[in-house]
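The values are calculated or read from the model by the stated rules, or taken from the named source; none is laboratory data. Worth saying up front: this structure is predicted, and the values here are computed from it rather than measured. Please note: Cβ atoms are built from the backbone with ideal geometry, for glycine as well, and neighbour counts cover all protein chains shown. Side chains are part of the model used for accessible areas, which takes the heavy atoms of the whole protein and leaves out ligands, DNA and RNA. Shrake-Rupley method; radii C 1.70, N 1.55, O 1.52, S 1.80 Å.
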Amino acid sequence: MTDNAIEITGLKKTYAATGRSPAKEALKGIDLSIPRGSIFGLLGPNGAGKSTLINVLAGLVVKSAGKVRIWGFDQDVNPRQSRAAIGIMPQEPNLDPFFTPRGSLDVQAGLYGVPKAQRRTEEILDLIGLADKADAYARSLSGGMRRRLLLGKALVHSPQILVLDEPTAGVDIELRNLLWQNVRKLNDAGMTIILTTHYLEEAEAMCDEIAIINHGEMIVRDTTANLLGTLDQKTLVITPDANHPNLPPLPGGITGQRRDNGTLAFTYQSSKTPAGEIIQAVRDAGITIRDVTSEQPDLEDVFLSLTSGR
Ligand SMILES: Nc1ncnc2c1ncn2[C@@H]1O[C@H](COP(=O)(O)OP(=O)(O)OP(=O)(O)O)[C@@H](O)[C@H]1O
Ligand SMILES: [Mg+2]
(Lines give C-alpha, C1' and ligand atoms only; values in the text may rest on other atoms or scores of the structure.)
(Ligands and ions follow the chains in the order given, each with its own letter.)
Protein backbone atom coordinates (compact mmCIF):
# COMPACT_ATOMS: atom_id res chain seq x y z
CA MET A 1 0.00 0.00 0.00
CA THR A 2 1.30 3.42 -0.85
CA ASP A 3 1.26 6.46 1.41
CA ASN A 4 -0.49 8.47 -1.25
CA ALA A 5 -4.19 9.16 -1.30
CA ILE A 6 -4.05 9.99 -5.01
CA GLU A 7 -1.55 8.98 -7.68
CA ILE A 8 -1.96 10.50 -11.12
CA THR A 9 0.41 9.75 -14.00
CA GLY A 10 0.36 11.11 -17.53
CA LEU A 11 -3.18 12.41 -17.19
CA LYS A 12 -4.51 13.99 -20.37
CA LYS A 13 -7.94 15.27 -21.26
CA THR A 14 -9.04 16.65 -24.59
CA TYR A 15 -12.64 17.80 -24.83
CA ALA A 16 -13.97 16.90 -28.28
CA ALA A 17 -14.86 19.65 -30.73
CA THR A 18 -18.50 20.60 -30.88
CA GLY A 19 -20.40 22.56 -33.53
CA ARG A 20 -19.07 25.92 -32.42
CA SER A 21 -15.90 25.24 -30.47
CA PRO A 22 -12.74 23.42 -31.55
CA ALA A 23 -11.30 20.54 -29.51
CA LYS A 24 -9.71 21.70 -26.24
CA GLU A 25 -6.71 20.04 -24.62
CA ALA A 26 -7.56 20.84 -21.00
CA LEU A 27 -4.93 18.58 -19.36
CA LYS A 28 -1.63 17.97 -21.13
CA GLY A 29 -0.02 15.18 -19.14
CA ILE A 30 -0.21 15.70 -15.39
CA ASP A 31 1.82 13.67 -12.87
CA LEU A 32 0.73 14.28 -9.32
CA SER A 33 0.83 12.41 -6.02
CA ILE A 34 -1.09 13.64 -3.03
CA PRO A 35 -0.02 12.30 0.38
CA ARG A 36 -2.55 10.78 2.74
CA GLY A 37 -3.70 13.03 5.54
CA SER A 38 -2.69 16.26 3.86
CA ILE A 39 -4.64 19.37 2.96
CA PHE A 40 -3.63 19.83 -0.64
CA GLY A 41 -4.32 22.96 -2.69
CA LEU A 42 -4.79 22.90 -6.45
CA LEU A 43 -4.36 26.44 -7.74
CA GLY A 44 -4.36 28.08 -11.13
CA PRO A 45 -6.02 30.79 -13.18
CA ASN A 46 -9.49 30.43 -14.71
CA GLY A 47 -9.54 27.70 -17.34
CA ALA A 48 -6.27 26.11 -16.12
CA GLY A 49 -7.85 22.66 -15.88
CA LYS A 50 -8.49 22.35 -12.14
CA SER A 51 -12.14 21.31 -12.37
CA THR A 52 -11.33 18.97 -15.24
CA LEU A 53 -8.77 17.21 -13.05
CA ILE A 54 -11.19 17.01 -10.14
CA ASN A 55 -13.99 15.76 -12.35
CA VAL A 56 -11.71 13.02 -13.66
CA LEU A 57 -11.09 11.97 -10.04
CA ALA A 58 -14.83 12.01 -9.46
CA GLY A 59 -15.46 9.86 -12.51
CA LEU A 60 -17.57 12.64 -14.06
CA VAL A 61 -15.14 13.36 -16.90
CA VAL A 62 -13.62 10.50 -18.91
CA LYS A 63 -9.86 10.97 -19.25
CA SER A 64 -8.17 10.76 -22.66
CA ALA A 65 -4.97 9.17 -21.35
CA GLY A 66 -3.10 8.38 -18.16
CA LYS A 67 -3.53 6.48 -14.92
CA VAL A 68 -5.44 7.52 -11.81
CA ARG A 69 -5.17 5.63 -8.53
CA ILE A 70 -7.44 6.64 -5.68
CA TRP A 71 -6.59 5.24 -2.24
CA GLY A 72 -4.52 2.60 -4.01
CA PHE A 73 -7.28 1.56 -6.43
CA ASP A 74 -6.81 2.02 -10.16
CA GLN A 75 -9.82 3.93 -11.40
CA ASP A 76 -10.12 1.73 -14.49
CA VAL A 77 -9.53 -1.60 -12.77
CA ASN A 78 -11.48 -1.04 -9.53
CA PRO A 79 -13.96 1.72 -10.33
CA ARG A 80 -16.26 0.90 -7.42
CA GLN A 81 -13.58 0.96 -4.71
CA SER A 82 -11.89 4.04 -6.10
CA ARG A 83 -15.23 5.87 -6.24
CA ALA A 84 -16.09 4.87 -2.68
CA ALA A 85 -12.85 6.39 -1.37
CA ILE A 86 -13.57 9.89 -2.58
CA GLY A 87 -16.28 12.50 -2.01
CA ILE A 88 -16.58 15.55 -4.23
CA MET A 89 -18.09 18.95 -3.54
CA PRO A 90 -18.50 20.27 -7.10
CA GLN A 91 -17.97 23.82 -8.26
CA GLU A 92 -21.45 24.01 -9.79
CA PRO A 93 -24.39 23.29 -7.49
CA ASN A 94 -26.29 20.27 -8.82
CA LEU A 95 -29.16 20.02 -6.36
CA ASP A 96 -32.61 18.75 -7.12
CA PRO A 97 -34.88 21.66 -6.14
CA PHE A 98 -37.62 19.36 -4.85
CA PHE A 99 -35.48 17.47 -2.37
CA THR A 100 -35.06 18.65 1.19
CA PRO A 101 -31.54 18.60 2.71
CA ARG A 102 -32.46 15.47 4.67
CA GLY A 103 -33.88 13.88 1.52
CA SER A 104 -30.85 14.80 -0.59
CA LEU A 105 -28.46 13.28 1.92
CA ASP A 106 -30.54 10.11 2.12
CA VAL A 107 -30.74 9.72 -1.65
CA GLN A 108 -27.01 10.31 -1.97
CA ALA A 109 -26.30 7.71 0.72
CA GLY A 110 -28.56 5.31 -1.17
CA LEU A 111 -26.61 5.92 -4.39
CA TYR A 112 -23.43 4.93 -2.58
CA GLY A 113 -25.09 1.86 -1.10
CA VAL A 114 -24.78 3.00 2.50
CA PRO A 115 -27.17 0.80 4.54
CA LYS A 116 -29.89 2.73 6.42
CA ALA A 117 -28.49 1.77 9.82
CA GLN A 118 -25.09 3.23 8.92
CA ARG A 119 -26.30 6.54 7.54
CA ARG A 120 -25.03 9.66 9.24
CA THR A 121 -27.72 12.01 8.00
CA GLU A 122 -28.42 13.80 11.29
CA GLU A 123 -24.73 14.11 12.18
CA ILE A 124 -23.99 15.61 8.77
CA LEU A 125 -26.93 18.03 8.99
CA ASP A 126 -25.45 19.27 12.27
CA LEU A 127 -21.96 19.52 10.83
CA ILE A 128 -23.11 21.67 7.91
CA GLY A 129 -25.41 23.75 10.12
CA LEU A 130 -28.60 22.79 8.28
CA ALA A 131 -30.40 20.86 11.03
CA ASP A 132 -33.04 23.58 11.26
CA LYS A 133 -33.55 23.51 7.47
CA ALA A 134 -33.52 19.73 7.22
CA ASP A 135 -37.02 19.57 5.78
CA ALA A 136 -37.12 22.72 3.65
CA TYR A 137 -37.13 22.40 -0.14
CA ALA A 138 -33.67 22.91 -1.62
CA ARG A 139 -35.02 25.68 -3.86
CA SER A 140 -35.87 27.69 -0.72
CA LEU A 141 -32.28 27.53 0.54
CA SER A 142 -29.93 30.47 0.15
CA GLY A 143 -26.87 30.12 -2.07
CA GLY A 144 -24.61 29.61 0.94
CA MET A 145 -26.90 26.94 2.40
CA ARG A 146 -26.84 25.10 -0.93
CA ARG A 147 -23.06 25.07 -0.86
CA ARG A 148 -23.15 23.62 2.65
CA LEU A 149 -25.54 20.94 1.45
CA LEU A 150 -23.12 20.09 -1.36
CA LEU A 151 -20.44 19.57 1.27
CA GLY A 152 -22.83 17.33 3.21
CA LYS A 153 -23.55 15.25 0.11
CA ALA A 154 -19.83 14.69 -0.43
CA LEU A 155 -19.60 13.18 3.07
CA VAL A 156 -22.47 10.64 3.15
CA HIS A 157 -20.32 7.60 2.35
CA SER A 158 -17.55 8.60 4.81
CA PRO A 159 -14.87 8.85 2.13
CA GLN A 160 -11.16 8.85 3.01
CA ILE A 161 -10.61 11.72 0.57
CA LEU A 162 -12.68 14.89 0.33
CA VAL A 163 -12.35 17.11 -2.74
CA LEU A 164 -13.67 20.66 -2.65
CA ASP A 165 -13.85 22.62 -5.90
CA GLU A 166 -13.99 26.33 -5.05
CA PRO A 167 -15.86 25.71 -1.78
CA THR A 168 -15.83 29.34 -0.70
CA ALA A 169 -16.42 31.16 -4.00
CA GLY A 170 -18.98 33.85 -3.35
CA VAL A 171 -19.80 32.88 0.23
CA ASP A 172 -19.77 35.33 3.13
CA ILE A 173 -16.98 35.51 5.69
CA GLU A 174 -18.94 33.76 8.41
CA LEU A 175 -19.78 30.79 6.20
CA ARG A 176 -16.25 30.68 4.88
CA ASN A 177 -14.93 30.41 8.41
CA LEU A 178 -17.47 27.72 9.21
CA LEU A 179 -16.50 25.75 6.11
CA TRP A 180 -12.84 25.94 6.99
CA GLN A 181 -13.49 24.91 10.58
CA ASN A 182 -15.34 21.88 9.24
CA VAL A 183 -12.55 21.07 6.81
CA ARG A 184 -9.95 21.29 9.59
CA LYS A 185 -12.08 19.09 11.83
CA LEU A 186 -12.40 16.46 9.10
CA ASN A 187 -8.67 16.63 8.39
CA ASP A 188 -7.86 16.30 12.09
CA ALA A 189 -9.97 13.15 12.07
CA GLY A 190 -7.74 11.78 9.31
CA MET A 191 -9.46 12.76 6.09
CA THR A 192 -7.28 13.80 3.15
CA ILE A 193 -8.49 17.11 1.73
CA ILE A 194 -7.97 18.41 -1.80
CA LEU A 195 -9.28 21.85 -2.65
CA THR A 196 -9.18 24.53 -5.28
CA THR A 197 -9.56 28.16 -4.38
CA HIS A 198 -8.90 31.55 -5.86
CA TYR A 199 -8.38 33.04 -2.40
CA LEU A 200 -4.65 32.67 -2.10
CA GLU A 201 -4.44 33.80 1.49
CA GLU A 202 -6.82 30.96 2.23
CA ALA A 203 -4.64 28.42 0.44
CA GLU A 204 -1.63 29.82 2.27
CA ALA A 205 -3.34 29.38 5.62
CA MET A 206 -4.97 25.99 4.97
CA CYS A 207 -2.77 23.91 2.69
CA ASP A 208 0.28 21.83 3.59
CA GLU A 209 1.16 21.41 -0.06
CA ILE A 210 0.21 23.16 -3.25
CA ALA A 211 0.26 22.44 -6.98
CA ILE A 212 -0.19 25.25 -9.47
CA ILE A 213 -1.50 24.36 -12.89
CA ASN A 214 -1.68 26.64 -15.90
CA HIS A 215 -2.93 25.84 -19.41
CA GLY A 216 -3.32 22.18 -18.50
CA GLU A 217 0.25 21.75 -17.26
CA MET A 218 1.59 21.55 -13.73
CA ILE A 219 4.10 24.32 -13.30
CA VAL A 220 5.00 23.78 -9.65
CA ARG A 221 4.25 21.45 -6.77
CA ASP A 222 5.79 21.94 -3.37
CA THR A 223 5.08 22.48 0.28
CA THR A 224 3.48 25.81 1.00
CA ALA A 225 6.47 26.77 3.14
CA ASN A 226 8.93 26.02 0.32
CA LEU A 227 6.84 27.89 -2.23
CA LEU A 228 6.82 30.95 -0.05
CA GLY A 229 10.57 30.56 0.36
CA THR A 230 11.19 30.47 -3.40
CA LEU A 231 10.75 34.20 -3.54
CA ASP A 232 13.81 35.30 -1.70
CA GLN A 233 12.90 38.92 -1.93
CA LYS A 234 12.00 40.88 1.19
CA THR A 235 11.24 44.50 1.84
CA LEU A 236 12.29 46.39 4.94
CA VAL A 237 10.20 49.47 5.62
CA ILE A 238 11.74 52.13 7.83
CA THR A 239 9.85 55.06 9.29
CA PRO A 240 12.28 57.91 9.96
CA ASP A 241 11.63 60.26 12.90
CA ALA A 242 11.61 63.27 10.58
CA ASN A 243 10.94 63.81 6.93
CA HIS A 244 13.92 62.75 4.85
CA PRO A 245 13.66 63.69 1.20
CA ASN A 246 16.67 61.62 0.19
CA LEU A 247 17.54 57.96 0.37
CA PRO A 248 20.83 57.07 2.03
CA PRO A 249 23.64 55.63 -0.13
CA LEU A 250 23.06 51.87 -0.26
CA PRO A 251 25.29 48.80 -0.50
CA GLY A 252 24.92 46.76 -3.73
CA GLY A 253 21.95 44.45 -4.11
CA ILE A 254 19.55 46.73 -2.26
CA THR A 255 17.05 49.00 -3.96
CA GLY A 256 15.49 51.83 -2.03
CA GLN A 257 12.31 53.75 -2.56
CA ARG A 258 10.77 56.66 -0.71
CA ARG A 259 7.05 56.01 -0.36
CA ASP A 260 4.39 58.73 -0.42
CA ASN A 261 3.76 58.36 3.31
CA GLY A 262 7.39 59.26 4.04
CA THR A 263 8.56 55.74 4.83
CA LEU A 264 11.68 54.34 3.21
CA ALA A 265 11.29 50.91 1.63
CA PHE A 266 14.35 48.76 0.91
CA THR A 267 14.02 45.64 -1.17
CA TYR A 268 16.74 43.01 -0.87
CA GLN A 269 17.45 39.31 -1.14
CA SER A 270 17.32 37.91 2.36
CA SER A 271 19.75 35.09 1.53
CA LYS A 272 22.42 37.57 0.39
CA THR A 273 21.96 40.70 2.48
CA PRO A 274 21.43 40.80 6.24
CA ALA A 275 18.76 43.32 7.23
CA GLY A 276 21.25 44.86 9.66
CA GLU A 277 23.26 46.18 6.73
CA ILE A 278 20.31 48.26 5.60
CA ILE A 279 19.66 49.61 9.07
CA GLN A 280 23.35 50.49 9.38
CA ALA A 281 23.31 52.35 6.06
CA VAL A 282 20.29 54.33 7.17
CA ARG A 283 21.90 55.24 10.50
CA ASP A 284 25.16 56.17 8.78
CA ALA A 285 23.22 58.68 6.69
CA GLY A 286 22.19 60.41 9.94
CA ILE A 287 18.57 59.23 9.82
CA THR A 288 16.98 58.37 13.17
CA ILE A 289 14.77 55.32 12.91
CA ARG A 290 11.36 55.48 14.58
CA ASP A 291 9.95 52.17 13.38
CA VAL A 292 10.90 49.16 11.27
CA THR A 293 8.57 46.65 9.64
CA SER A 294 9.23 43.97 7.07
CA GLU A 295 7.16 42.76 4.14
CA GLN A 296 7.46 39.16 3.00
CA PRO A 297 6.26 37.76 -0.29
CA ASP A 298 2.95 35.94 0.01
CA LEU A 299 1.43 33.21 -2.07
CA GLU A 300 -0.08 35.78 -4.38
CA ASP A 301 3.41 37.00 -5.32
CA VAL A 302 4.52 33.42 -5.96
CA PHE A 303 1.40 32.70 -7.99
CA LEU A 304 1.76 35.80 -10.13
CA SER A 305 5.46 35.29 -10.72
CA LEU A 306 4.75 31.73 -11.93
CA THR A 307 1.61 32.22 -13.99
CA SER A 308 1.86 35.70 -15.47
CA GLY A 309 3.05 36.10 -19.02
CA ARG A 310 2.52 32.46 -19.91
N1 LIG B 1 -17.35 20.17 -20.87
C2 LIG B 1 -16.42 20.87 -21.52
N3 LIG B 1 -16.40 20.89 -22.87
C4 LIG B 1 -15.45 21.56 -23.55
N5 LIG B 1 -14.48 22.29 -22.96
C6 LIG B 1 -14.45 22.32 -21.62
C7 LIG B 1 -15.42 21.63 -20.83
N8 LIG B 1 -15.15 21.84 -19.53
C9 LIG B 1 -14.07 22.64 -19.50
N10 LIG B 1 -13.64 22.94 -20.76
C11 LIG B 1 -12.46 23.75 -21.11
O12 LIG B 1 -11.32 23.17 -20.54
C13 LIG B 1 -10.45 24.16 -19.98
C14 LIG B 1 -10.25 23.91 -18.50
O15 LIG B 1 -11.47 24.15 -17.84
P16 LIG B 1 -11.66 23.88 -16.28
O17 LIG B 1 -13.10 24.03 -15.95
O18 LIG B 1 -11.02 22.58 -15.93
O19 LIG B 1 -10.80 25.08 -15.66
P20 LIG B 1 -10.64 25.55 -14.13
O21 LIG B 1 -9.18 25.54 -13.85
O22 LIG B 1 -11.51 24.75 -13.24
O23 LIG B 1 -11.13 27.06 -14.19
P24 LIG B 1 -11.94 27.96 -13.09
O25 LIG B 1 -10.91 28.54 -12.20
O26 LIG B 1 -12.57 29.00 -13.95
O27 LIG B 1 -12.94 27.07 -12.41
C28 LIG B 1 -11.09 25.49 -20.31
O29 LIG B 1 -10.52 25.99 -21.49
C30 LIG B 1 -12.55 25.13 -20.55
O31 LIG B 1 -13.13 26.03 -21.47
MG1 LIG C 1 -13.06 25.18 -12.01
Using alpha-carbon pairs under 8 Å, 6+ residues apart, how would you state the relative contact order of the range 4-159 in percent? 21 percent
Please determine, in degrees from 0 to 90 and to the nearest 10, the orientation of helix 173-188 with respect to the longest principal axis defined by the Cα atoms of the chain, where the helix direction is its Cα long axis. 70 degrees
Rounding to the nearest 10 and keeping the result within 0 to 90°, find how far the Cα-based axis of helix 143-155 lies from the longest principal axis of the chain. 70 degrees
Determine the dipole magnitude for the chain: charges of +1 sit on the beta-carbon of Lys and Arg, -1 on that of Asp and Glu, nothing else is charged, the reference point is the Cα centre, and the result goes in debye to the nearest 20. 1080 debye
Counting only protein heavy atoms and using a 1.4 Å probe, what share of the accessible area of the chain belongs to carbon plus sulfur, as a whole percent? 48 percent
So, for the chain, what is the accessible surface per residue at a probe of 1.4 Å, expressed in square angstrom? 50 Å²
Ranked order, SER104, SER140 - accessible area, probe 1.4 Å, largest first: SER140, SER104
Listed residues VAL282, VAL163, VAL107, most fluctuating in the chain (Gaussian network, C-alpha, under 10 Å): VAL282
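Using the structure shown, list the pairs from LYS24/LYS50; LYS116/LYS153; LYS28/LYS234; LYS28/LYS272; LYS12/LYS185 with a Cα-Cα distance above 26 Å, or answer none.
LYS28/LYS234; LYS28/LYS272; LYS12/LYS185
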Toy charge model, Lys and Arg Cβ at +1, Asp and Glu Cβ at -1: the range 118-206 dipole around Cα centroid in debye, rounded to 20, equals 360 debye
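Give me the percent relative contact order of the chain, please, defined on Cα pairs under 8 angstrom at least 6 residues apart.
Values: 565 pairs, mean separation 58.1, N = 310.
So the answer I get is 19 percent.
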Probe 1.4 Å, all protein chains in place: accessible area of LYS67 in Å², nearest 10? 100 Å²
Rounded, prolate or oblate: pick one for the range 234-307, where a ≥ b ≥ c are the square roots of the eigenvalues of its C-alpha gyration tensor, a/c under 1.5 means rounded, and failing that, prolate if a/b is larger than b/c, else oblate. prolate
Solvent-accessible surface (1.4 angstrom probe) belonging to GLU217, in square angstrom, nearest 10: 90 Å²
Cβ-placed point charges (K, R +1; D, E -1), dipole of the range 1-109 about Cα centre in debye, nearest 20: 260 debye
Computed, not fitted: 222 nm per-residue ellipticity of the chain from DSSP H runs ≥ 4 (each -39500 (n - 2.57)), nearest 500, equal to -9000 deg cm²/dmol
Relative contact order computed over the range 166-310 (Cα-Cα under 8 Å; 6+ residues apart), in percent: 24 percent
